[in-house]
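Peer 1: My questions all concern the structure below.
The values are calculated or read from the model by the stated rules, or taken from the named source; none is laboratory data. Treat the numbers as computed from the prediction; the structure is a model and nothing was measured. All Cβ positions, glycine included, derive from the backbone under ideal geometry; neighbour counts span all protein chains shown. Only protein heavy atoms, including side chains, enter the accessible area calculation; ligands, DNA and RNA are left aside. Shrake-Rupley method; radii C 1.70, N 1.55, O 1.52, S 1.80 Å.
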Amino acid sequence: MRTRSGIWSIRARIALGVLALGLTAACGGGAPAEAPTTAPVANPVDQATAGAVIGRIVFEGTVPAPASIKMTADPNCGSDGSMSEALIVGDGGALQNVFVYVKDGLGNLTFPVPAEMVILDQKGCHYVPHVLGVQVGQPVQIVNSDATLHNVHAAGKTNREFNAGQPIQGMKMTHTFTTKEVMVPFKCDVHGWMNAWVGVLDHPFFSVTGRDGAFSLKGLPPGTYTIEAWHETLGTETQTVTIGAKESKDLAFTFRGAGA
Amino acid sequence: MLLPLYAALVAASTALLIFAGGLVTSTGSGLSVPDWPTSYGWFMFTFPLDKMVGGIYYEHGHRLIATTVGGLILVLSVWLWRAEPRLWVRRLGYIALAAVIAQGVLGGITVLWYLPDAISIAHASLAQIVFCLTVAIALVTSSGWKQAYSGAASPTPDDRMLQAVAAVTTGFIYVQIVAGATMRHTEAGLAIPDFPLAFGHLVPPQWDPKIAIHYAHRVGALGVTALVLATTGHVFFHHWRRRELRRPSILLLLLVALQLTLGALTVLSGKQVIFNSLHVVTGACVLATSLVLTLRASRARFSGAAFVGSPRESGPPSPGFGVPGRVRAARDPRLPSAPAGAKA
């Protein structure tokens, strides 16, 4: 038969246990695996404090004459002799088709994957755009807008290689990359001059320079970052930048060619 | 009578196929048709001609020629099976058929697996075997072979020295071609950009795997040249009157000279497509010519040959029934001699 004092003893033990658990939780103890992470599911960037890195990329040196492409191998491509996109330098040395991105500094933050598709078109027997960025898991739609057939051959090193045919005009296929990789080369083996580069990242802080050579990485949390600029023929340049709350920093990259 | 002609046609078509394969790799078109055995979903022979553009022209064209050659070899093997009395020749036909089927499968696999080096090199190397088999069949079904080249004053001599050096030359040429295929498929064709020196030196001052395979191919070319000179020199010195040996020897010398020129032009032109592809098929022709010379030099060791010794030897007619080993066995004085006039 259980006595009154015995019942109190049990209640006291339970209360003490609950109290101990509460104290443990309040003091942030417990197993390391249960420690709160710095990787929220939603976008962790506080827009009230977010800053930006903006800048321009220039080419210094003798600009080689752009190589013309001979497209007579396929009459459907036209014979206008379009130019190679491997090195496009605009006014004031503005360097086009540079992929600029945050290489390091985001820690283990994770970011939501955009649902909207990124379009990679095959138009006039060229990939449009020539360089683009995409997040891991974000759908990329590859379209054949040409009245000829293409094969879409992506030869990633960490992402799975694939080679798919698009023999009919208007054909579309959707692909998602599974891991970050800078850069995944795309090519069409039918038209040897056709190539594109896709930068695959696990965050949204990337940009591709246009005709003016400008880039902007907006919405960055305050912190110190390694910014890399990648160009398909000129290689990479890296700089470190620290931005405070709501701060916008300018960054200039210079790629040097022959004669610089 | 028609069989050797047909076999020669098959051998020529196989050489054309090798040239077409060389064009595929030289133009970087290997993956321009991503599926196999279909082409963009079409059955191979119904693929629209107007879609044969760019790299497809080379890759799909290669597939069409390959399938045709496969069919020709199938007919050849059936023909041999039905009409050829010599078992070992019939077996050559079966082996050629098996080899060309394996070659087709390798070609398909290398496309589906995005041109892995090992498979592509195997595909290139087996192509040479298929070519050699068709050339060998054309040779051993020819009237000259069957008559042991006895149209001249005497049958082909059983010159062991010539047989040995010719066989070593043929084997070395094959190894050299495999090295070339390795260089080709590992993108090492311009790893040493100058010629005849290597980065301005006789021996490259720097090394990596691509430079090593490229340099090995160059050194191999010197080895092939030396061996070919030894073989043909032996023929010219000892067997100049033997037309069946003299002619392939002259051809071999010319082909080696052409091949060296094409190799140099391939490097100096930055792998120009035609030079590059001709280098591939000329290499195959060097191999096949050396094989023909080796087989003709060894004719006396096959059955049905009248035995004539090397310049310093003489002996009785070689009877035998089939493969060279049996010829040797039949020469054993303890064994009874085979019936005269056995077919070769």
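Peer 1: Using the Cα centre as the reference, give the magnitude of the dipole from point charges on the C-beta atoms of region B:1-141 (Lys, Arg: +1; Asp, Glu: -1; all else neutral), rounded to the nearest 20 debye.
Peer 2: Details: 6 positive and 5 negative charges, 95 e Å.
For this selection, approximately 460 debye.
Peer 1: Please work out whether chain B counts as rounded, prolate or oblate from its C-alpha gyration tensor, where a ≥ b ≥ c are the square roots of the eigenvalues and a/c under 1.5 means rounded, while otherwise a/b larger than b/c means prolate and anything else oblate?
Peer 2: Note, shape of chain B comes out oblate.
Peer 1: Report, as an integer, the average count of C-beta atoms from other chains found within 10 Å of each Cβ along B:65-71.
Peer 2: For peptide B:65-71, the averaged partner shielding equals 0.
Peer 1: Also, quick follow-up: Given 10 °C and 1.306 mPa s, how large is the Stokes-Einstein diffusion coefficient of region A:65-149 in µm²/s, with Rh as the Kirkwood radius over Cα pairs?
Peer 2: So the translational diffusion coefficient is about 100 µm²/s.
Peer 1: Which angle from 0 to 90°, rounded to the nearest 10, does the C-alpha axis of helix B:209-238 make with the longest principal axis of chain B?
Peer 2: Helix B:209-238 sits roughly 30 degrees off the main axis of chain B.
Peer 1: Sticking with this structure for a sec: Label region A:132-234 by shape, choosing from rounded, prolate and oblate, from the square roots a ≥ b ≥ c of the eigenvalues of the Cα gyration tensor; if a/c is under 1.5 it is rounded, and otherwise prolate applies when a/b is larger than b/c, oblate when it is not.
Peer 2: prolate
Peer 1: What angle, in degrees between 0 and 90 and rounded to the nearest 10, separates the Cα long axis of helix B:273-297 from the longest principal axis of the Cα atoms of chain B?
Peer 2: 10 degrees
Peer 1: Sticking with this structure for a sec: Tell me, what is the FRET efficiency for B:TYR114 and B:TRP42 to the nearest 0.05, using R0 = 22 angstrom and their Cβ-Cβ distance as r?
Peer 2: It comes to 0.55.
Peer 1: Still on this structure, I have one more. Sorted by accessible area (1.4 Å probe), largest first, how do B:SER269, A:SER82 line up?
Peer 2: Reading off the accessible areas and sorting them downward yields B:SER269, A:SER82.
Peer 1: Which whole number gives the average count of other chain Cβ atoms within 10 Å of the Cβ atoms across peptide B:27-39?
Peer 2: The mean count of partner-chain Cβ atoms within 10 Å per residue comes to 4.
Peer 1: Taking chain B as the reference, fit the longest principal axis to its C-alpha atoms, fit the long axis of helix B:117-140 to the helix C-alpha atoms, and give the angle between the two in degrees, 0 to 90, nearest 10.
Peer 2: 30 degrees
Peer 1: Same structure, new question: What ranking, highest mean first, results for peptides A:241-251, B:222-232 when packing means the other Cβ atoms within 10 Å averaged over each residue?
Peer 2: B:222-232, A:241-251
Peer 1: Report the B-A buried area as the accessible area lost on both sides summed, probe 1.4 Å, in Å² to the nearest 100.
Peer 2: Summing both chains' loss of accessible area gives about 1200 Å².
Peer 1: What lysines could a cross-link reach from B:LYS146, if we take a straight Cα to Cα line under 20 Å and drop same-chain neighbours fewer than 8 places away?
Peer 2: B:LYS343
Peer 1: Ranked from highest to lowest mean number of other Cβ atoms within 10 Å per residue, what is the order of the peptides A:108-117, B:274-283?
Peer 2: Order by mean packing, descending: B:274-283, A:108-117.
Peer 1: Return the average number of partner chain Cβ atoms within 10 angstrom of each residue Cβ along peptide A:160-169.
Peer 2: On the way: counts 0, 3, 2, 9, 2, 9, 2, 9, 2, 0.
Per-residue shielding by partner chains comes out at 4.
Peer 1: For a quick check of understanding: with a 1.4 angstrom probe and all protein chains in place, what accessible area in square angstrom does B:ARG296 have, to the nearest ten?
Peer 2: Ignoring ligands and nucleic acids, B:ARG296 comes out at about 50 Å².
Peer 1: Still on this structure, please answer the following. Top to bottom by accessible area (1.4 Å), largest first, where do B:TYR58, A:TYR127, B:TYR215 land?
Peer 2: Reading off the accessible areas and sorting them downward yields B:TYR58, B:TYR215, A:TYR127.
Peer 1: Another question, then. Where the centroid of each part is defined by its Cα atoms, how far is region B:77-145 from region A:188-260 in Å?
Peer 2: A separation of 53 Å, based on Cα centres.
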